[in-house]
Amino acid sequence: MSLKNVTRMYLSEDEIPQYWYNMRADMKKKPDPMLHPGTRQPLTAEELRAVFCSELVKQEMDADTRLIKIPEDLLDFYKSTRPSPLIRARFLEKELGTPAEIYYKFEGNNTSGSHKLNSAAAQVYYAKEEGLKNLTTETGAGQWGTALAMACAFFKINLTVYMVKVSSLQKPYRKAIIETFGANLIPSPSETTDVGRRILAENPDTGGSLGCAVSEALEDAMKTPSCRYVLGSVMDHVVLHQSIIGQECKIALDKYGITPDIIIGCAGGGSNLGGLIAPFIGEKISGKTNTRFIAIEPASCPSLTRGRFAYDFGDTGKTTPLIKMYTLGSGFIPSSEHAGGLRYHGMNPTLSKLRDDGYIEARSAMQTDVFKAALQFAKIEGILPAPESSHAILAAIDEALECKKRNEKKVILFGLSGTGSFDLAAYMSYNDGTMTDHVPTDEELEKGFSTIP
Ligand SMILES: *Cc1c(COP(=O)(O)O)cnc(C)c1O
């Protein structure tokens, strides 16, 4: 097929993937198991079921089944916004004067504005199937809370969202939309939970953190009848649901005869990146392809580039199981000047393992460079990107310019994980020149590392 004039790689409704792709099945060396925080023994399914729905526990612990069927009703829900657009960035290529081809998969085309709806819908669907009435969660910048509120409204389940306090103040419109979809929103840390009260007593002026909001949502779920906790990133079952992104890319690119040389994603907890690369990584591991996988993260929250690969807690309150991952320590709190999202201290254990085994490259970026790339992209491609996604844009531009220098015609695919429509405060601070960069010193990081058990 000639690609001379193709800009959108279309998939019809029957071409939508019927299966999620579990990349752990392709790994020769599997990620280490989660450990019970008390006994330090591998966690059992039974223990995990106290917190998560049974089907999600099964998916979380399954490192062997490659393809997992997407339930019919869920697929129907997906079809209201999927397949998401896969677009060739022709204008950007031209502006950069690069011989490289640049493609991006845009996940911001639903009201919640990001890829998070893919896992939100799946998790709420399974909660409904299991007969649960209530869910709790945390949200940082608000994308996950919005996605989950949408999914809960659709499947008719009650939702309580603990939103990091600074974000709820910085992003009143996120709060408004979460409440519009019917969820109960509580700024965290709060007086609602024991852990919230403890954190407030120690540090009354804290603006909160994602790890702290996780602790509160977990406690609330344990104390509320017919309730489970759901999580928007980091866990392997979340990455599994996000693999619909990579599956759609693979099907479309195969159809158009395109093989990516470089795949790029921004990394917070790792779900959009993991989902994007899922169907591609196996061929790299088996030596069939030599695709480069690049994770890009903020220099102010650099888990993959400066963190330790160690067992650590997923939350500040140190209540979750221990996860073997790249981490800055559960006590790490990113600078309040940081506006670009991706604030989590750890990283999905599968991606962490792939990074440790050398299959994934990682780099970090200053937020002012990220916003510069965001504006360049927005002006020429006509999509205002989420600050998180703009990390991937920056890496894609850098790789495309590298191709220009070497006169190499590579194919670059990146994940445009969401829209920036709710991030205008951050754009305003970039535009008026008040945005600053913060790179933690080794001493600052040491403080976080000292909280690793
Ligand atoms: C939440 C979010 C991210 C980061 O989460 P991952 O789990 O690392 O994907 C990235 N982009 C957008 C738009 C988000 O909302």
Over the chain, calculate the relative contact order: mean separation of alpha carbon pairs under 8 Å at least 6 apart, over the residue count, as a percent.
-> 20
Extension gain residue 226-residue 91, at 0.36 nm per residue separation less the Cα-Cα distance, in nm?
-> 43.5 nm
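Based on Cβ point charges of +1 for Lys and Arg and -1 for Asp and Glu, what charge dipole magnitude is obtained for the stretch 283-380 about its Cα centre, in debye rounded to the nearest 20? Provide the component values of the computation, followed by the final result.
Numbers: 13 positive and 9 negative charges, 36 e Å.
So the magnitude is around 180 debye.
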Simple Cβ-charge dipole of the chain, Lys/Arg +1 and Asp/Glu -1, about Cα centre, in debye nearest 20 | 820
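Of all DSSP beta bridges located in the chain, what percent are antiparallel, nearest 5? Walk me through the numbers on the way to the answer.
Numbers: 17 of 51 bridges.
Of those bridges, close to 35 percent are antiparallel.
Can you order the peptides 212-224, 190-202 by their average number of other Cβ atoms within 10 Å per residue, highest first? List each step's numbers first, then the result.
On the way: 212-224: 23.3, 190-202: 16.6.
Descending packing order for the listed peptides: 212-224, 190-202.
Compute the Rg/Rh shape ratio of the stretch 297-392: radius of gyration over Kirkwood radius, all on alpha-carbon atoms.
On the way: Rg = 14.7 Å, Rh = 14.3 Å.
Over the Cα atoms of the stretch 297-392, Rg/Rh equals 1.03.
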Dipole of the chain [Lys/Arg +1, Asp/Glu -1 at C-beta], most positive-end residue of 330, 390, 154 = 390
Charge dipole of the chain built from unit charges on the beta carbon (Lys, Arg +1; Asp, Glu -1), centred at mean Cα; most positive-end Cα among 234, 41, 201 is 234
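Semi-axes of the equivalent ellipsoid of the stretch 128-234: what are they in whole Å, largest first, if each equals the square root of 5 times a C-alpha gyration tensor eigenvalue? Provide the component values of the computation, followed by the final result.
Working: eigenvalues 94, 54, 19 Å².
Working through the eigenvalues yields semi-axes of 22, 16, 10 Å.
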Whole-angstrom gap from the stretch 374-453 to the stretch 264-320, using each part's C-alpha centre | 16
With r defined as the distance between the Cβ atoms of residue 5 and residue 40 and R0 fixed at 60 Å, what FRET efficiency is calculated, to the nearest 0.05?
-> 0.55
Restraint check, 133/318; 116/171; 29/105; 28/288; 29/324, Cα-Cα greater than 25 Å | 133/318; 29/105
For the stretch 175-243 and the stretch 99-122, distance of Cα centres in Å | 24
Calc'd 3J(HN,Hα), the stretch 351-359, phi into Karplus 6.51 cos²θ - 1.76 cosθ + 1.60 (θ = phi - 60°), Hz, glycine/Pro = x, comes to 5, 4, 5, 4, 5, 5, 7, x, 8
If amide H atoms are built 1.01 Å from N in the plane of the peptide, which residues on other chains or at least 5 residues away come under 5 Å of the amide H of residue 360?
-> 355
Cα-centred dipole magnitude for the stretch 316-425, charges only on beta-carbon of K, R (+1) and D, E (-1), debye, nearest 20 | 180
Any lysines with Cα under 19 Å of the residue 405 Cα? List them, leaving off those in the same chain fewer than 8 positions away.
-> 94
Going 7 Å from the Cα of residue 14 in the Cα-to-Cβ direction, what parts of the stretch 238-255 have a backbone nitrogen less than 18 Å from that spot?
-> 251-252, 255
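Looking at the chain, I'd like the Rg to Rh ratio, where Rg is from alpha-carbon atoms and Rh is Kirkwood's inverse mean 1/r. If you can, show how the numbers build up before the last one.
Values: Rg = 20.4 Å, Rh = 21.7 Å.
Here the Rg-to-Rh quotient is 0.94.
For a quick protection proxy, order the peptides 404-412, 296-304 by their average other-Cβ count within 10 Å, most packed first.
296-304, 404-412
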Pulled fully out, how much extra length does the chain show between residue 289 and residue 72, if you take 0.36 nm times their separation in residues and subtract their Cα-Cα distance?
-> 74.8 nm
Given 0.36 nm per residue, what is the gain on full extension from residue 25 to residue 191 after removing their alpha carbon distance, in nm?
-> 55.5 nm
Got a sec? Charge dipole of the stretch 166-227, +1 on Cβ for Lys and Arg, -1 for Asp and Glu; which of 166, 178, 215 is way out at the positive end?
-> 178
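Give me Rg over Rh for the stretch 332-453, both radii from the alpha carbons and Rh done the Kirkwood way, two decimal places. Display every interim value, and only then the final one.
Working: Rg = 16.2 Å, Rh = 16.3 Å.
Result: Rg/Rh = 1.00.
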What list of ³J(HN,Hα) values in whole Hz, one per residue of the stretch 173-178 in order, does the Karplus curve 6.51 cos²θ - 1.76 cosθ + 1.60 (θ = phi - 60°) give from phi, with Gly and Pro shown as x?
-> 6, 4, 4, 4, 6, 4
Per the 1/(1 + (r/R0)^6) rule, R0 = 45 Å and r from the Cβ atoms of residue 133 and residue 402, FRET efficiency to 0.05 is 0.30
Scalar couplings 3J(HN,Hα) for the stretch 384-399 by Karplus 6.51 cos²θ - 1.76 cosθ + 1.60 (θ = phi - 60°), nearest whole Hz, x for Gly and Pro, are 7, x, 5, x, 4, 4, 5, 4, 5, 4, 4, 5, 5, 4, 4, 5
Under 17 Å from the Cα of residue 284 - aspartates and glutamates, other chains or at least 8 residues apart | 26, 254, 261, 356, 357, 361
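No value in this document is a laboratory result; all are computed from the given coordinates. Here the structure is a predicted model, which is why all the values come from computation and not from measurement. Cβ atoms come from the backbone with ideal geometry, glycine included; neighbour counts cover every protein chain shown.
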